[in-house]
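The values are calculated or read from the model by the stated rules, or taken from the named source; none is laboratory data. What you are looking at is a predicted structure, and each value in this text was computed from that prediction instead of being measured. Cβ placement follows ideal geometry from the backbone for every residue including glycine, while neighbour counts extend to all protein chains displayed. The accessibility values were calculated without ligands, DNA or RNA, using every heavy atom of the protein model including side chains. Shrake-Rupley method; radii C 1.70, N 1.55, O 1.52, S 1.80 Å.
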Amino acid sequence: MTIHRNQADNQIRQCADLITKRCSFYPGLSIVLGSGFHAFVKSLDVTNRIPYANLPGFAPSRVKGHAGELVCGHLLGVPLWVLSGRTHFYEGYSMPEITFPIRVLAAAGIDSILLTNAAGGINPKYRPGDFMCVSDHITFM
């Protein structure tokens, strides 16, 4: 899919406005749930769910465990917008398509994002849910 810069900027702004209207509150933080983290949503006091199919420009994830929805809610009183699932380059999406949701969150005013993933999954010393810091990466693109 080829999108011109102005067209993409307009689509980002429209999607950010839609989310802002549907979620009815503004959080300072958003969380992107990667593989294995979808159960986190159960701990939220959910106020609204928006399937990615209803968000113009959001590509559907095809990976098991990625629900493909934006969840508006609170965790212990803290307002959050949670992207439950994401798309990946290996699914055949372009970088503009993969980064679109993050650009939408930024356009909506989100200034802090916590990204989760299963990067430590191949280390046998790590247990599911362990925190780790990725300080470098290897790309095979």
query = What cysteines in the chain have no other cysteine with a beta carbon less than 4.7 Å from their beta carbon?
reply = Cys15, Cys133
query = P(r) tail for the chain, what percent of Cα pairs lie past 19 Å?
reply = 53 percent
remark   = Any lysines whose Cα falls less than 18 Å from that of Lys64, other than same-chain ones fewer than 8 residues away, would be Lys42
inquiry  = On the principal axes of its Cα set, how long, how wide and how thick is segment 35-78? Give whole Å, largest value first.
reply    = 30, 23, 11
query = Ignoring ligands, DNA and RNA, what percent of the 1.4 Å accessible area of the chain is carbon and sulfur?
reply = 59 percent
request  = Please report the orientation-averaged projected area of segment 1-74, defined via the convex hull of its C-alpha atoms, in nm².
outcome  = 5.6 nm²
key: Full-extension gain in nm, Ala39 to His74, via 0.36 nm per residue minus C-alpha separation   = 11.1 nm
Relative contact order, percent, the chain [alpha-carbon distance under 8 Å, six or more residues apart] = 31 percent
request  = Just grab the label-to-label distance for Leu114 and Thr20, each label 7 Å out from Cα along the Cβ direction, in nm (one decimal).
outcome  = 2.5 nm
key: Farthest positive-ward along the chain dipole, Cα basis, beta-carbon charges - from Gly36, Phe25, Phe131   = Gly36
inquiry  = Suppose every Lys and Arg Cβ carries +1 and every Asp and Glu Cβ carries -1, with no other charges. What dipole size does segment 1-71 come out with about its Cα centre, to the nearest 20 debye?
reply    = 140 debye
key: Estimated dipole of the chain in Debye, rounded to 20 [Cβ of Lys and Arg +1, of Asp and Glu -1, Cα centre]   = 240 debye
task = With runs of 4+ DSSP H residues as the only contributors, calculate the mean residue ellipticity of the chain at 222 nm using -39,500 (n - 2.57) per run, divided by the residue total and rounded to the nearest 500.
result = -7500 deg cm²/dmol
